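Handing you this structure, nothing more for now.
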Amino acid sequence: EKGGWSSFMAKEVSEEPEAVANTVRGRIHDGVVQIPELDGLDEMFLGINRIVVVACGTAAYAAMVGKYALEQWTRIPVDVELAHEFRYRDPVIGPDTLIVSISQSGETMDTLMAVKYAASRGAKTLSICNTQGATIPRESDAIVYTHAGPEVAVASTKAFVAQITALYLLALHVARLRGSLTAAEIAVNAHELEAIPAKISEILATEQTHIEQFAHWMADTRSVLFLGRHVGYPIALEGALKLKEITYIHAEGFAAGELKHGPIALIEPGQPVFVIVPSPRESAELQKKVVSNIQEIRARGARIIAVAEAGDAAVLPYADEVLRIPLAAPLFEPLLAVVPLHIFAMGLANAKGLDVDQPRNLAKSVTVE
Ligand code: BG6
């Protein structure tokens, strides 16, 4: 039920704080991360030397974000691969590989076939899924459910933040088992995760109206670019995907460092470019690099929309618009930076009078290959 909301998507974006909080619940106790569903699987996590995350669409961008945390915290090499590409290239996998699949519905055929293929090659399989009892978790050795609640709008929003949350919990669970982080380091990250729901609520309370007005004002835009670096890169991809899915506007996401190797040729006067800016207080070096990317494209006439930490004064001289997010440690910024992009895409679709819940040509769950 939509309740009082104008669309399921509006309701689901408003539920992003609970999606994270409910996914965390019962899995962190006084800074110790332990996922009860993974009890009895310690040997599996101790026996692997490689992780491959497979997913499609928005779930694949959650996977890309998760790679940074999984590698940094567990020191296990992680690859992310689109599920439909994975099994057609004779991948190097075996009993010491863990395949982590991510799927909101748990029914996406491309992802299911990748999991079955991996299992047939002797790999271990773990499913991150939002739907109890769905096919992909049933086919997997281990399950970590996201507790975002049912997601009805075709374009995924609250499931995305829940998927990143589940990946981070998984990474901290494995880091504890393998001793790759100290208990104190795990506790610091666990507390960062526990603080995220209130920070998302703050964005919804203080920025939503502003972003919706801005989106209305942008309604005639024909092309939007998104730039990000490090964990901001998959968020740029997600921002562009959401815009394509529900507004039908041409949108592309790029890694900010790649700009000078090609995409900068696209910049002409008036081109709107969203830039996910890392926090100067938490990642000063990265922030400087991104600000210099902003200067390069601004000099060529780009209109800069910065998604930046509220206290970041350095972007102000270069940004035509600033969408503010609260401060978070670098790996946790994606859980905040994506929220303004979800609101923007939805606001723009509404401004164009489009059906945000049922975009043309798309299905919520694609059960054919
Ligand atoms: C697409 C949906 O078909 O499948 C996307 O339109 C979704 O919103 C993608 O991200 C993957 O779906 P799932 O259920 O496997 O997460």
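Every number in this text was worked out from the coordinates using simple rules, so none of it is lab data. If you're wondering where the values come from, they're calculated on a predicted model, not measured in any experiment. Glycine gets a Cβ as well: all are built from the backbone with ideal geometry, and neighbour counts include every protein chain shown.
Considering only region 194-243, how many residues are hydrophobic (A, V, I, L, M, F, W, C), assigned to a helix (DSSP H, G or I) and touching a strand residue (DSSP E or B) at 6+ places or on another chain (Cβ under 7 Å)? Spell out the reasoning first.
Restricting attention to region 194-243, the residues satisfying the condition of being hydrophobic (A, V, I, L, M, F, W, C) are 195-196, 198, 200, 203-205, 211, 214-215, 217-219, 224-227, 231, 235-237, 240-241, 243.
With the extra rule that they be assigned to a helix (DSSP H, G or I), the set shrinks to 195-196, 198, 200, 203-205, 211, 214-215, 217, 235-237, 240-241, 243.
Within this subset, residues satisfying the condition of being touching a strand residue (DSSP E or B) at 6+ places or on another chain (Cβ under 7 Å) are 203, 211, 214, 235-237, 240, 243.
The qualifying residues number 8.
Find all pairs meeting these conditions: Cβ atoms under 7 angstrom apart; at least six residues apart or on different chains; first residue within region 91-110 and near the ligand (Cβ under 7 Å from one of its atoms); second residue among the charged types (D, E, K, R).
Final answer for the pair search is Gln104/Glu151; Ser105/Lys364.
Tell me, yes or no, whether region 197-207 has at least one residue that is surrounded by 17 or more Cβ atoms within 10 Å (Cβ to Cβ), among the acidic types (Asp, Glu) and in contact with a helix residue (DSSP H, G or I) (Cβ under 8 Å, 6 or more places away or on another chain).
The answer is yes; a qualifying residue exists.
Among what's in region 356-369 and is of a type in the set (D, E, K, R) and surrounded by 14 or more Cβ atoms within 10 Å (Cβ to Cβ), pick the residue that is farthest from the ligand (Cβ to nearest atom).
Taking region 356-369 first, the residues of a type in the set (D, E, K, R) are 357, 360, 364, 369.
Now restrict to residues that are surrounded by 14 or more Cβ atoms within 10 Å (Cβ to Cβ): 357, 364.
Values: Asp357: 12, Lys364: 6 Å.
Selected residue: Asp357.
Taking Pro36 and the conditions (1) in contact (Cβ under 8 Å) with a residue 24 or more places away in the chain; (2) within 15 Å of Leu169 (Cβ to Cβ), which numbered condition does it fall short on, given that it satisfies the others?
(1)
Can I ask one more? Among the residues of region 23-36, is there at least one that is touching a Pro at 6+ places or on another chain (Cβ under 6 Å) and crowded, with 20+ Cβ neighbours inside 10 Å? Write out each step before concluding.
Here is the first cut: in region 23-36, the residues touching a Pro at 6+ places or on another chain (Cβ under 6 Å) are none.
No, there is no match, as no residue in region 23-36 is touching a Pro at 6+ places or on another chain (Cβ under 6 Å) and crowded, with 20+ Cβ neighbours inside 10 Å.
Which numbered condition trips up Val65, out of (1) away from the ligand (no atom under 16 Å from the Cβ); (2) out of contact with any strand residue (DSSP E or B) (no Cβ under 6 Å at 6 or more places or on another chain)?
In the conditions (1) away from the ligand (no atom under 16 Å from the Cβ); (2) out of contact with any strand residue (DSSP E or B) (no Cβ under 6 Å at 6 or more places or on another chain), Val65 misses (1) alone.
Of the residues that make up region 238-249, is at least one farther than 25 Å from Pro17 by Cα and surrounded by fewer than 19 Cβ atoms within 10 Å (Cβ to Cβ)? Steps first, please.
As a first pass, look at region 238-249 and keep what is farther than 25 Å from Pro17 by Cα: 248-249.
Applying the additional criterion that residues be surrounded by fewer than 19 Cβ atoms within 10 Å (Cβ to Cβ) yields 248.
Yes.
Quick one: in region 125-157, which of the residues that are more than 12 Å from the ligand (Cβ to nearest atom) and either among the hydrophobic types (A, V, I, L, M, F, W, C) or on the phi > 0 side of the Ramachandran plot (or both) is surrounded by the most Cβ atoms within 10 Å (Cβ to Cβ)?
Here the residue is Leu126.
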